[in-house]
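Report on the structure given below.
What follows is calculated from the coordinates using simple rules that are stated; it is not laboratory data. The structure presented is a predicted model; accordingly, all values stated were derived computationally and were not measured. Note that we place each Cβ from the backbone using ideal geometry, even for glycine, and neighbour counts take in every protein chain shown.
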Amino acid sequence: MADIKQELWQKARNLTKKLTLDEKLGMIHGAELFRTKGVERLNIPPLTMSDGPMGVRQDFQPDKWIAIGNTDDYVTYLPCNSALAATWNRKLAEEEGSVLGAEARGRGKDIILGPGINLKRSPLCGRNFEYFSEDPFLTGEMAIPFVQGVQRWDVAACVKHMAVNNQETERLWMEVEIDDQVLRDLYLPAFHEALIKGGAYSVMGAYNKLYGEHCCESQYLLNEILDKEWGYDGVVVSDWGGVHDTQAAANSRLDLEMSVTSDFDEYCLALPLKRAIEEGRVSQERVDEKVTRILMLMTRLHMMDGDRKTGAYNTEEHRRTALNVARESVVLLKNDKGRLPLPSRGIKKVLVVGDNGNRVHSNGGGSAEIKALYEITPLMGIRKLLGGNVKVDYVKGYDSGSKKEDSEVNWQESSLQDGGKGTNMGSCPGQSRELEMMQEALRREALEMAAGYDQVIFVGGLNHDQDCEGNDRADMRLPYGQDRLIKELLLARPDTVVVMEAGSPVEMEEWIGMADSLVWAWYGGMEGGTALAEVLYGQVNPSGHLPESFYKTHKDCSAHCVGEFGNKDFVKYREGMYVGYRYLDAYHIEPRFCFGHGLSYTTFSYHGGRVVTEGEDTFLSCLVTNTGSRKGAEVVQVYVRPVGEEEGASGLFQELRGFEKVFLKPGETQMVFVKLQGDLEGARIAVGSSSRDIRILL
Ligand code: BGC
């Protein structure tokens, strides 16, 4: 292995020596918004990039954030990373990654800007939908196969944003204050896994600062940790506009500077760097190292040897993968009276209420926006499934203001203006009297109609006006007066099925006690509506589990009640390791729904349980039986607990160290082996269906 790497390096090094300084500089900064310069005389192609991560983004003009508007850049729209994480299925992560890689290659891209793997430190971060989980182990375990899936297609995954990019407010300038050990134990492991174990060929630096340095030019993060400690040899790409200082960037382990403006020659690693080299302020060797690594990446992707995979996009198979992931991502949060699945026979009229019931989400969210080939909404999914003999009516129930029919073309261009401020927006945009009256009329209409239907399904939640790059939410409250509508609907029709689509949890306290059934559907990709309908009507048995804690209110989240969030300058991560369920468990705080929670239409029982060692590896083995009458899948989760945790000692917390998803027919029993990570010395092992539904304690 070391020899192959050495050979790769040497070959790239020899080619670097043949280049002029101008040619080299052309390779280490953007010459277009998503492309570098190649060197034609030596057959070195430019590098072409695209966002990520829910599909391959539409094409923009080379120097303007104006979509070209072709009809050939519609793509497969994949479930967001939070949805993917909710499947707890590594195979699906590989398959989703593979679709993304194939489509990127099919569209002629070299680097796809994803996956996003920042930890969900707070439920209010606007980009949470692009991220996997609050837990580093789950994030890493899903990111590894995702990256490998992408790279099967001779396309580089670009894992982003390293590191501690956990809020959008003032994302370009804010500085994270964090204990070094916490950084290493909580926020960096998933990056290590994705880059070193997963072998991602590239990584994107974060906008924010860490220990006084911008992450994209950080000596500590990039040179000390990534390069020296981890021995990473892939390409480090800046976030767009994340580089500020020529000398700092040149001397850091950053390889490629990208930005959002069209003054390409003025990028730090363009003419300013040339001047710095000529004046002896920066050694040319720094440039050579960067170019060498870029050439290594090109070799890895077979960009110069004519032996490269071609990829494909919008295939039948890709759409099937999108559907499979969506199916397993849906989380059944509550089903108290066994109301779900709903009968699809013997009914005549179904009412779907709520803006998300009939809304497409693919075209929003910021750089993760997708020009989807199509997107099945919940309403269409339900109509498709029930067919022509059932009348499915739709009523909005509330208004969500402006609908983004098309992508905002100039959003990114202005993202650096005024210091690139992200905003901290309210969850409930100021309700004018006029708007209030409209909401009331819509609510009344829905309530009046609800009485006359066999089934009422409410589909609400958030949309990309809240789950959006550049913005954080002010709280977890549902926007557009949904609480009131849901409450009144449940009073009128206690059998209303509540469905939420969102990338982050929302407050449900006002009505959760009244709702028997609650389904969480994320942003489920182009087939999200199909999958949701299949779950509601029992064609698919739900098997998603929460990859994050659903707090009752954001005030129960440690980032808010112990640490800081949303500050403009310094953000102190005072909560340390106590993030997500670690905090809730250690301080005995009840979440609304705990980390790992997810119900099924069948039931599972656990038996036995022992720790077995095989060579270097340790496994937990146990028997799991499907005790119900439907086939289903269980996510067997293994937590490691310090002794004393069960006695309620404060400050101690369990950690997820292993999981396996098992698929069982009715009555079937399987022996499950869960590989465990890390040290088990003196710890107890808790095995269960969620972090709080423990079935075996060793
Ligand atoms: C985002 C990145 C994205 C890049 C290119 C930035 O604003 O933070 O995630 O990949 O733009 O669109």
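Here are some notes:
- Helix 284-300 and the longest principal axis of the C-alpha atoms of the chain enclose an angle of approximately 50°.
- Using a simple spin-label model with pseudo-atoms 7 Å out from Cα toward Cβ, M438 and L697 lie 5.4 nm apart.
- Taking 17 Å as the straight-line reach from the Cα of K665, the lysines in range (excluding those fewer than 8 positions away in the same chain) are K631.
- Backbone HN-Hα couplings from phi across the stretch 62-68 [Karplus 6.51/-1.76/1.60, Hz, Gly and Pro as x]: x, 10, 9, 7, 10, 4, 5
- Based on DSSP H segments of at least four residues, each scored -39500 (n - 2.57), the chain has a per-residue ellipticity at 222 nm of -7000 deg cm²/dmol.
- Of the residues Y578, L333, G69, the one whose Cα sits farthest towards the positive end of the charge dipole of the chain is L333 (charges of +1 on Lys and Arg Cβ, -1 on Asp and Glu Cβ, taken about the Cα centre).
- Contact order for the chain, expressed relative to its length and based on alpha carbon pairs under 8 Å spaced 6+ residues apart, stands at 16 percent.
- Less than 5 angstrom separates the built amide H of S202 from those of A157, V159, V235, all sequence-distant by 5 or more or on a different chain.
- Under 13 Å, Cβ to Cβ, from P591 - net charge with Lys/Arg +1 and Asp/Glu -1: -3
- Basic side chains Lys and Arg get +1 at the Cβ, acidic Asp and Glu get -1 at the Cβ, and with that the dipole of the stretch 566-628 about its Cα centre reaches some 320 debye.
- Relative compactness, the chain, computed as alpha-carbon Rg over 2.2 N^0.38 Å: 0.95
- Relative contact order %, the stretch 216-286, counting alpha carbon pairs below 8 Å whose residues are six or more apart: 31 percent
- Count of lysine pairs in the stretch 8-155 with Cα separation under 25 Å (8 or more residues apart, or interchain): 13
- Exposure proxy ranking for E369, E317, based on other Cβ atoms within 10 angstrom of each Cβ and starting from the fewest, stands as E317, E369.
- Between V392, I28, N208, the Cα set farthest toward the positive side of the dipole of the chain (charges on each charged residue's Cβ, about the Cα centre) is that of V392.
- Axis of helix 316-329 versus longest Cα principal axis of the chain: the two differ by about 60°, to the nearest ten degrees.
- Here's the list of aspartates and glutamates a cross-link from K274 could span, going by alpha-carbon distance under 12 Å and ignoring same-chain residues fewer than 8 apart: D22, E23, D265, E266.
- Its relative contact order, with pairs defined as Cα atoms under 8 Å and 6+ residues apart, puts the stretch 321-394 at 36 percent.
- Loop trypsin sites (Lys or Arg not before Pro), the stretch 312-412, which have at most 11 other Cβ atoms in a 10 Å radius of their Cβ (DSSP): K337, R345, K348
- Using Cβ point charges alone (K and R +1, D and E -1), the dipole size of the stretch 521-667 about the Cα centre works out to roughly 360 debye.
- Look at the dipole of the stretch 166-280 built from charges on Cβ: of Y232, G280, L269, the Cα furthest out on the positive end belongs to Y232.
- Straight-line cross-link reach from K396 at under 23 Å between alpha-carbon atoms covers these lysines, not counting any fewer than eight positions away in the same chain: K348, K349, K384, K404, K487.
- Summing Cβ point charges (Lys, Arg +1; Asp, Glu -1) relative to the Cα centre of the stretch 23-146 gives a dipole of roughly 240 debye.
- Relative to the longest principal axis of the Cα atoms of the chain, helix 136-151 runs at roughly 60 degrees.
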